[in-house]
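The values are calculated or read from the model by the stated rules, or taken from the named source; none is laboratory data. The shown structure was predicted, so the numbers you read here are calculated from the model rather than taken from an experiment. Heads up, the Cβs are rebuilt from the backbone with ideal geometry, glycines too, and the neighbour counts pull from every protein chain shown. The protein model used for the area step is the full one, side chains on, heavy atoms only, and it has no ligands, DNA or RNA in it. Shrake-Rupley method; radii C 1.70, N 1.55, O 1.52, S 1.80 Å.
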Amino acid sequence: MKLAMIAVALLLPLVAGAAAADADEFDFFYFVQQWPGSFCDTQRGCCFPDTGKPEPEFGIHGLWPNYAKCRPANDGPDAAASIDMVVGGHHRRQKCWPEYCDDSNQLLPFAIRDLISELAGNWPTLSCKNGGGGPSIEFWAYEWKKHGTCSGLGQHGYFAAALDLKRRDGGLAGILAAAGIVPSEDERYLLSGIRGAIANATGAIPNLECNRDAFGETQLYQVYQCVARDGKTLIDCPLPMSGRCSDRVKMPPF
Ligand code: AMP
């Protein structure tokens, strides 16, 4: 009897660990940074956070766990996170990343208190929800709940990892400027030039996403850097991304 109880006590953590493994089952992270000029000049517009107009630098959007290979989506909770893809000539719902892994795990400001001023400068909200001009922590809390809870990191570890990644290359705007790619009302830049400049400076090939300004012109919107599961090592992005870019894109002033 005593032996049986010891065996159960030893096995329990393993069983519990197996159940929790779903949350951090992913292959790499996307570290997504956004050019504020391209968020703001769309028809939807933007609002500045309560800390004022952000610097003209890429801001963090999120650190997103992702699968290297999309998988068939189940019905139920998976359906919301799934996208329609053509697989073997048929349309299939596919799930390419995990999300909302623990809705009971709400972001606690106290857990990230030492990071808040650095986060405010580097991860600003530009949303006009709730009248605009609100605190960026609502944006961080949303990203934590949707993506962070699937990262296998704690609250502090998740936000510290994002800030470390952002600090490392000294700013994407500076990297692009060094390659002659500067915000401009009229200039259009080769997409391959943007990708190449970031790859040369960081040692890893990123994915790029574009959106359209109020006149329908394509512009650089977000840079997706790929990061190994350790949350630190940049890797070449393993998945091609359509990203809605054309061969030449604008980078509007901010
Ligand atoms: P996600 O669900 O993590 O892919 O993020 C997409 C959501 O984030 C959309 O609702 C966007 O409107 C919102 N979003 C994107 N950039 C910002 C930003 N800079 N500030 C606030 N919300 C944003």
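Side notes on the structure shown:
Every residue, every condition in (1) among the hydrophobic types (A, V, I, L, M, F, W, C); (2) assigned to a loop (DSSP other than H, G, I, E, B); (3) modelled with pLDDT of 80 or more; (4) under 19 Å from residue 243 (Cα atoms), yes or no:
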position: 29; (1), (2), (3), (4): yes, no, yes, yes
position: 44; (1), (2), (3), (4): no, yes, yes, no
position: 51; (1), (2), (3), (4): no, yes, yes, no
position: 55; (1), (2), (3), (4): no, yes, yes, no
position: 60; (1), (2), (3), (4): yes, no, yes, yes
position: 76; (1), (2), (3), (4): no, yes, no, no
position: 97; (1), (2), (3), (4): yes, yes, yes, yes
position: 100; (1), (2), (3), (4): no, yes, yes, no
position: 103; (1), (2), (3), (4): no, yes, yes, no
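- The residue list 243, 203, 216, 196 contains one member that is surrounded by fewer than 20 Cβ atoms within 10 Å (Cβ to Cβ) and within 14 Å of residue 32 (Cβ to Cβ), which is 243.
- Scanning the stretch 142-160 for residues that are without any contact (Cβ under 8 Å) to a residue 60 or more places away in the chain and more than 11 Å from the ligand (Cβ to nearest atom) yields a count of 5.
- Set 138, 185: member being within 16 Å of the chain's Cα centre (by Cα) and of a type in the set (D, E, K, R): 138
- Inclusion of residue 116 among residues that are touching a Leu at 6+ places or on another chain (Cβ under 9 Å) and either within 11 Å of the ligand (Cβ to nearest atom) or not small (Gly, Ala, Ser) (or both) is not warranted.
- So residue 95, is it of a type in the set (D, E, K, R) and under 28 Å from residue 164 (Cβ atoms): no
The rows are residues; the columns are (1) crowded, with 20+ Cβ neighbours inside 10 Å; (2) modelled with pLDDT under 95.
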{"position": "120", "(1), (2)": "no, no"}
{"position": "127", "(1), (2)": "no, no"}
{"position": "131", "(1), (2)": "no, yes"}
{"position": "139", "(1), (2)": "yes, no"}
{"position": "144", "(1), (2)": "yes, no"}
{"position": "158", "(1), (2)": "yes, no"}
{"position": "161", "(1), (2)": "yes, no"}
{"position": "179", "(1), (2)": "no, no"}
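- The single condition among (1) at pLDDT below 95; (2) assigned to a strand (DSSP E or B) that residue 17 does not satisfy is (2).
- Which listed residue, of 53, 129, is over 21 Å from the mean Cα position of the chain (by Cα) and within 14 Å of the ligand (Cβ to nearest atom): 53
- Taken across the stretch 85-93, residues that are open to solvent by 10 Å² or more (accessible area, probe 1.4 Å), in a strand (DSSP E or B), charged (D, E, K, R) and under 16 Å from residue 241 (Cα atoms) do not occur at all.
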